[in-house]
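To keep things clear, I will list the structure first and then write my remarks on it.
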Amino acid sequence: MAATRKTILASLVLAFISPAPAVAAPDTGHIIQRYDRAELPEGEADQVEGMRALYDFGACLAKARRRQVERFLAVAPFSGAAHDAGKQVVSGECLNGGEMRFSPEALRGPFYQALYRRRFGDRAMPDLKDAPQLDFSVAGGANPVAANLRRFADCVVRGDSWSARSLVMSEFATEAEREAFKALSPAMASCIAPGDKLSFKPVLLRAVFAEVLYRLASASSGSPMPMDRK
């Protein structure tokens, strides 16, 4: 592929996320142009540039296709239903030229971040320590590691809701993000059982913290996500 083309390979650095067909921007204008579409850097992008573009892409879709995004997030990751819902939500009309290659599952973090910012970004941060208990077995799908990672995130977010919020409100790979992760370190350490080790990378932790923060905040506000309704 020529280096002058705008192409990004975006992933969450998970072995069980498989590549997906390219999503290309349309050749003609569309009403979605009124939303802030993702700008892809010229040439081959590194991981940081790729993830920043992916988060911009997710933010645009969360605004332009809110219902489709919520339907996608309501089903178990990597399931047949998620595959079908992913095809309905992903659109090149949120790209300002070029194409991206990624699994729709890589958009869960960007979607949750965008939804949190839109719904709770201008509200006072509540203490989520006593937020309703959530069942993460569905969100984990058939992968127990994914479910356990969300339980870990639940512990961290309840332990330091403010720093989790600071992380989600920060931009990817910035000093603000690094400071937020630093502030979360004590909560993360306290949520790891003695003798266990945490080997997940920040890009994945950011995504799962955004998910759990949004789900806990939604449940606390009295409007839980579909999978969290009793």
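Here, each number is a calculation from the coordinates, and none is a lab measurement. Small disclaimer: the values here were computed from a predicted structure and weren't measured. Reconstructed Cβ throughout: ideal geometry from the backbone, glycine too, with neighbour counts over all protein chains shown.
The residue 143 and residue 123 beta-carbon pair, evaluated with R₀ = 22 Å, returns a calculated FRET efficiency of approximately 0.10. Each residue, residue 66 and residue 84, gets one label point 7 Å from its Cα in the Cβ direction; the gap between the two is 2.5 nm. As a rough footprinting exposure proxy, the listed residues 95, 198 were ranked by other beta carbons within 10 Å of their own, and the order from fewest upward is 198, 95.
Full extension of the segment from residue 155 to residue 46, taken as 0.36 nm per residue of separation minus the current Cα-Cα distance, would add 36.0 nm. With 27 Å as the limit, the listed pairs 129/201; 197/230; 63/129; 182/230; 87/129 have 197/230; 63/129; 182/230; 87/129 beyond it between alpha carbons. Between residue 135 and residue 182, take the C-beta separation as r, use R0 = 25 Å, and let me know the FRET efficiency to the nearest 0.05. The calculated FRET efficiency here is 0.20.
In terms of surrounding Cβ atoms within a 10 Å radius of their Cβ, 48, 208, 157, 75 rank from fewest to most as 48, 75, 208, 157. The calculated FRET efficiency for residue 197 paired with residue 173, based on their beta-carbon distance and R0 = 22 Å, is about 0.40. Taking a ≥ b ≥ c as the square roots of the Cα gyration tensor eigenvalues, segment 103-171 comes out oblate, since a/c reaches at least 1.5 and a/b does not exceed b/c.
Per-residue Cβ neighbour counts within 10 Å put 154, 127 in the sequence 127, 154, beginning with the fewest.
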